[in-house]
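Novice: Okay, handing you the structure first.
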Amino acid sequence: MSQKTIAKQLLKPALTIIALITLLSCSTITAPYRATKTIVKGTIQTVKGVAKTVKGAYELTAGTTRLVYSVGEFTFNVVRAPLDWPLMNNDIETIDGLPVKEAIRTGRVKNAPYTVKGKRYYPMSVAKAQTYKETGIASWYGHETLRQKDGHMTANGEKFSPYALTAAHKHLPLPMNVKVTNLSNGRSIVVRVNDRGPFPSSHNPSSGKRIIDLSMKAAKKLGFYDKGTARVKVEVIS
């Protein structure tokens, strides 16, 4: 074995250690993975500057306050909301048998059963959600937040923004990315499901039959902002 080869072998452990030290000193990691022929790229930024690996669904894990990732042309900026912010849907009474804010604080939301106006809802498992496809009526929500001073949080503790591509769903695990297609004009977008709804309202009980509530921006991109509702197809991006 030549002296050059021996030197290379001796350098390998040292280089590995240097690489690990460099990695742990960073506050951001980007980790791409493939989802139904779409490259998904994600970045996690943490408060303490500790690098964390992105795995599977993009979630705000302990210590994380902001997350940025892309699905094709769509970019998602996810921000953890302060726990004292009001919920977008105040009708949610309990999650996993706990007060809503406590369930959010302890990470007991993803597919936990929850109660709205005395009715129990049971979200599907993550495995079952991978094959979810449904056609039905979509509406949009969140316009009222434009006139309110304080921020609002979604059912999984994220900051709600009417200008983000997000959605509410009664039965999907949170969070989840879905492709939504407006069947009247063929337009499609990807949204992040991070809230619960739509539920029947006192002035419109039939609203509970809608399958998804989209943000204002999502409704505009799909072309039904002015109309208020649209017939859509919803399918999970695995």
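The values are calculated or read from the model by the stated rules, or taken from the named source; none is laboratory data. From a predicted model like this one, the values you see are computed outputs, not experimental measurements. No Cβ is skipped: glycine too gets one built from the backbone with ideal geometry, and neighbour counts run over all protein chains shown.
Novice: Restricting to the stretch 117-130, what's the tally of residues that are closer than 20 Å to residue 234 by Cβ, in contact (Cβ under 8 Å) with a residue 24 or more places away in the chain and not polar (S, T, N, Q)?
Specialist: Of the residues in the stretch 117-130, 6 are closer than 20 Å to residue 234 by Cβ, in contact (Cβ under 8 Å) with a residue 24 or more places away in the chain and not polar (S, T, N, Q).
Novice: For the stretch 126-141, what are the residues that are in a strand (DSSP E or B) and of a type outside the set (Phe, Trp, Tyr)?
Specialist: 133, 134, 135, 136, 137, 138, 139
Novice: A further question on this structure: Go through (1) in contact (Cβ under 8 Å) with a residue 12 or more places away in the chain; (2) farther than 26 Å from residue 149 by Cα and name the single condition residue 60 misses.
Specialist: (2)
Novice: Which condition from (1) buried (at least 17 other Cβ atoms within 10 Å of the Cβ); (2) under 19 Å from residue 160 (Cβ atoms) is the one that residue 181 breaks?
Specialist: Condition (2) is where residue 181 drops out.
Novice: Moving on to the next point. Given the conditions (1) touching a Gly at 6+ places or on another chain (Cβ under 6 Å); (2) acidic (Asp, Glu); (3) part of a helix (DSSP H, G or I), report the number of the one that residue 144 does not fulfil.
Specialist: With respect to (1) touching a Gly at 6+ places or on another chain (Cβ under 6 Å); (2) acidic (Asp, Glu); (3) part of a helix (DSSP H, G or I), residue 144 is out only on (1).
Novice: Looking at 61, 65 in this structure, which one is over 30 Å from residue 181 (Cβ atoms), outside the structural domain of residue 174 (by TED's automatic domain parsing) and outside any loop (DSSP other than H, G, I, E, B)?
Specialist: After applying the criteria, what remains is 65.
Novice: Right, next: Just for the stretch 132-152: of the residues that are modelled with pLDDT of 95 or more and of a type in the set (A, V, I, L, M, F, W, C), which one is nearest to residue 69 (Cα to Cα)?
Specialist: The qualifying residue nearest to residue 69 (Cα to Cα) is 140.
Novice: Out of everything in the stretch 208-238 that is free of Cβ contacts under 8 Å to residues at least 12 places away in the same chain and among the basic types (Lys, Arg), what residue ends up being surrounded by the fewest Cβ atoms within 10 Å (Cβ to Cβ)?
Specialist: 227
Novice: When you scan the stretch 93-136, how many residues do you find that are within 26 Å of residue 179 (Cβ to Cβ), small (Gly, Ala, Ser) and surrounded by 16 or more Cβ atoms within 10 Å (Cβ to Cβ)?
Specialist: Residues meeting the conditions: 2.
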